[in-house]
Amino acid sequence: MATAESKTKKPIKKPIKKTSKPRTHKEVERPLELIRKDPYLLDYAEAIKGRHEHALDKLKQLTNNGKKTLTDFANGHNYYGLHCNSRNWIFREWAPNATAIYLIGDFNNWQEIPEFQAQKDPKTGDWVLKLPLKAIHHGDYYKLKIYWEGGSGERIPAWAQRVVQDVNTKVFSAQVWKPTETYQWKKKNFKPTVNPLLIYECHIGMAQDEEKVGSYTEFKDKVLPRIIKAGYNCIQIMAIQEHPYYGSFGYHVSSFFAASSRFGTPEELKALIDEAHCNGIAVIMDIVHSHAVKNEIEGLGNFAGDPNQYFYEGGRREHPAWDSLCFDYGKDEVLHFLLSNCKYWLEEYHFDGFRFDGVTSMLYYSHGLGEAFTNYGDYFNGHQDDNAICYLTLANLLIHEIDPRKITIAEEVSGMPGLACKFTAGGYGFDYRMAMNIPDYWIKTIKELKDEEWKPSSIFWEIKNRRADERTISYCESHDQALVGDKTIIFRLIDADMYWHFKKGDENYMAHRGIALHKMIRLATISTINGGYLNFMGNEFGHPEWIDFPREGNSWSHKYARRQWNLVDNEELDYQYLGLFDKAMLDVVKSEKNFNKTPIQEIWHNDGDQILAFTRGDLLFVFNFSPTQSYVDYGLLVPTGTYDVVLNTDAKVFGGNELNDDSITHFTNYDALYVNEHKEWLKLYIPARTAMVLKKN
């Protein structure tokens, strides 16, 4: 999210919230762990404690002072919506502003008839309808006809678990989904091995080579094998929750409990996830709880004549940049809806966790727009949405209560401290946060600096720029950098020459430069991770074109809303070089046990030479960013021993010149000055614009 000019703000300390019972020592002191690790937070201890207290109070309220669990509370999906037992269909809806609700559909010729009119429960206030099993059938389409004071309208139930768009009319309807045979999971107790977490970000619809919307089954059969072969251990799927407009990339959600039917059936999505699990691949979902689509008929925008049933009132209702609506996280009913949504996707579809979209937008009243976040006071100045902070904290508590192995990632750009720290330490409880500074840095470097001006010291600092107590997901580019109006790294480096000089043997200078730097940028980024690494589908092999979904401006074409796998499969084209390098790079990272936990030890950097070298465990990473200067017998002081090259960006198989003989074992050279340090000199030939990884024997 872009930030504008810096604004000086006077920090406001938030007082600890008063409670009816004094906090225990454990509850009060543990949040200070976050502060002990970062003394600069000491001035904001009261605010940090206040947020922690807010979450504790809400947790106690929702769990009846601990008499039940948060998991028990988050069961709305089993209560609301349409369900059946051995005798009846039961439908329930929360719609406090409604005066009458009818279930209309195929089963009653879309007519409002008394037998299908819901009644308001005087105890709960919910609308309830009971029907015999023969009244409706699997596959029937249906909606609600809701009346309120001064109006009425057709609506899709808020908790609908299956929503389908008519091919001809483009109208959305809920669909009864109760197949005679439920999906039988092959892998029932999947335990992800994700150290480090290597994420393949993907979109089901645009994953096929053909100019069309791809399906869950096609992804399972055609794309998943590629991901497995490439060496990733996790896929992050976008656009799962139903959304009316395909071109929104799935970020304008209308039906939060419905897996998008444009890609197939619930069983087909389950089969995809199951197959991934059978091959050791974790599957996380890009979940959107930061906002909702404005649509009223398909979505929640004016569900029962109350535009604020789910959303904030007044000026906070609409997101100023996204043309969407902002949830009111202060309402228990909204918390129930969103927390149940988290539990639903984990239990019904066996997702292994979530990447929470738009967290920055949730945290601040400004949504982070026009904010520079230049000092800690900007995080604790009273301009933060405590309700949203509380929700995110509860969501993490719930997800890890269901299963401690589940994965949560925050897409957050402001740098809010504590986001990826444990709740007991005063944090929000995310497992990881996205290192969104890194792609911005690479783009800025490529755009603004000549190759001779790339400074290894700056590169090294930026790719390690993170809070010491939080794990991050590092990446060079995601889907954000591939959309229309932006460019992927490979296109920034090579531009139009990709169309004319990307055939093996026919490369010009720009192509050679782009291939070399594409590999080096990725290797530098992944080699310094402290949690995980992410790549967007196709970017690993340098997909040549931007993403442009079908729209009026392109005559509703799917030409740019797809992935051209034929390019990387073509042995005559350079894309294959980059694809092979990506796999080899992941293999090297996985070869070092507990790679995340190995400290990054700088060996040497020289901005004049444009040389950078550092170790992680037994792996030595050496980079020469100079576009013209190669070095003979360049000395690096390293732990004594012998070293073998395990990865070289200059290898011919990766499109390089192969100026080194990588079969040679390199011996360190004795130096009496460093005997006590057990270090000696390693002399290497380092060609211009190359990088290599050596492993100590």
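General observations
- Qualifying positions in region 485-505 - assigned to a loop (DSSP other than H, G, I, E, B), out of contact with any Asp or Glu (no Cβ under 9 Å at 6 or more places or on another chain) and either open to solvent by less than 20 Å² (accessible area, probe 1.4 Å) or under 28 Å from Ser248 (Cβ atoms) (or both): Gly485
- Taken over region 593-628, the criterion of being among the polar types (S, T, N, Q), surrounded by fewer than 18 Cβ atoms within 10 Å (Cβ to Cβ) and at negative phi is satisfied by Asn596, Thr598, Gln601, Asn606, Thr628.
- Selection within region 656-697 - closer than 14 Å to Ile603 by Cβ and among the aromatic types (Phe, Trp, Tyr): Tyr674, Trp681
- Of all the residues in region 246-263, those that are assigned to a helix (DSSP H, G or I) and either open to solvent by less than 10 Å² (accessible area, probe 1.4 Å) or of a type in the set (Gly, Ala, Ser) (or both) number 4.
- Selection count where residues are within 12 Å of the chain's Cα centre (by Cα) and polar (S, T, N, Q), scope region 405-435: 1
- Looking only at region 46-102, and only at residues there that are within 30 Å of Leu419 (Cβ to Cβ) and of a type in the set (Ser, Thr, Tyr), the one that is nearest to the chain's Cα centre (by Cα): Thr71
- Scan region 458-484 for residues that are assigned to a loop (DSSP other than H, G, I, E, B) and under 20 Å from His543 (Cβ atoms) and the total you get is 4.
- Any hit, region 330-352, residues being modelled with pLDDT of 95 or more and assigned to a strand (DSSP E or B): no
- Single residue of region 352-381 satisfying the filter (of a type in the set (S, T, N, Q) and surrounded by fewer than 23 Cβ atoms within 10 Å (Cβ to Cβ)) that is nearest to Leu325 (Cα to Cα): Ser366
- Single residue of Tyr560, Tyr631 found to be over 21 Å from Trp442 (Cβ atoms), open to solvent by 40 Å² or more (accessible area, probe 1.4 Å), hydroxyl-bearing (Ser, Thr, Tyr) and out of contact with any Cys (no Cβ under 9 Å at 6 or more places or on another chain): Tyr560
- Residues of region 395-437 classified as open to solvent by 30 Å² or more (accessible area, probe 1.4 Å), outside any loop (DSSP other than H, G, I, E, B) and touching a Ser or Thr at 6+ places or on another chain (Cβ under 7 Å), total: 2
So that you can scan it fast, the table gives a plain yes or no per residue for (1) surrounded by 24 or more Cβ atoms within 10 Å (Cβ to Cβ); (2) farther than 26 Å from Phe595 by Cβ; (3) under 19 Å from the mean Cα position of the chain (by Cα):
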residue	(1), (2), (3)
Lys186	no, yes, no
Ile199	yes, no, yes
Cys202	yes, no, yes
Glu210	no, yes, no
Lys220	no, yes, no
Leu224	no, no, yes
Ile237	yes, no, yes
Thr265	no, yes, no
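One line per residue, one yes/no per condition, for (1) surrounded by 17 or more Cβ atoms within 10 Å (Cβ to Cβ); (2) farther than 20 Å from Asn535 by Cα:
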residue	(1), (2)
Pro439	yes, no
Trp442	yes, no
Leu449	no, yes
Pro456	yes, yes
Glu462	yes, no
Ala468	no, yes
Ile473	yes, no
Leu483	no, no
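- Any chance Lys590 is at pLDDT 95 or above and either touching a His at 6+ places or on another chain (Cβ under 9 Å) or of a type in the set (Lys, Arg) (or both): yes
- Checking each residue in region 508-555 for being open to solvent by less than 10 Å² (accessible area, probe 1.4 Å), over 21 Å from Asn624 (Cβ atoms) and of a type in the set (Ser, Thr, Tyr) picks out only Tyr533.
- When each of Glu53, Glu46, Glu93 is tested for being among the acidic types (Asp, Glu) and closer than 30 Å to Gly150 by Cβ, the lone residue that passes is Glu93.
- If only residues of region 634-652 that are open to solvent by less than 30 Å² (accessible area, probe 1.4 Å) and of a type in the set (Ser, Thr, Tyr) are counted, the one that is nearest to Ile521 (Cα to Cα) is Thr649.
- All strands (runs of 3 or more DSSP E) inside region 95-186 with 2 or more residues being over 24 Å from Leu338 (Cβ atoms) and modelled with pLDDT of 95 or more: 98-105, 117-120, 127-132, 141-148, 151-155
- Unmet criterion (only one of (1) over 23 Å from Cys390 (Cβ atoms); (2) of a type outside the set (Val, Ile, Thr); (3) surrounded by fewer than 23 Cβ atoms within 10 Å (Cβ to Cβ)) for Leu269: (3)
The values are calculated or read from the model by the stated rules, or taken from the named source; none is laboratory data. It should be emphasised that the depicted structure is a prediction, and the values quoted were computed from it without experimental measurement. Note that we place each Cβ from the backbone using ideal geometry, even for glycine, and neighbour counts take in every protein chain shown. Each accessible area value is taken on the protein alone, full model and side chains, heavy atoms only, with ligands, DNA and RNA left out. Shrake-Rupley method; radii C 1.70, N 1.55, O 1.52, S 1.80 Å.
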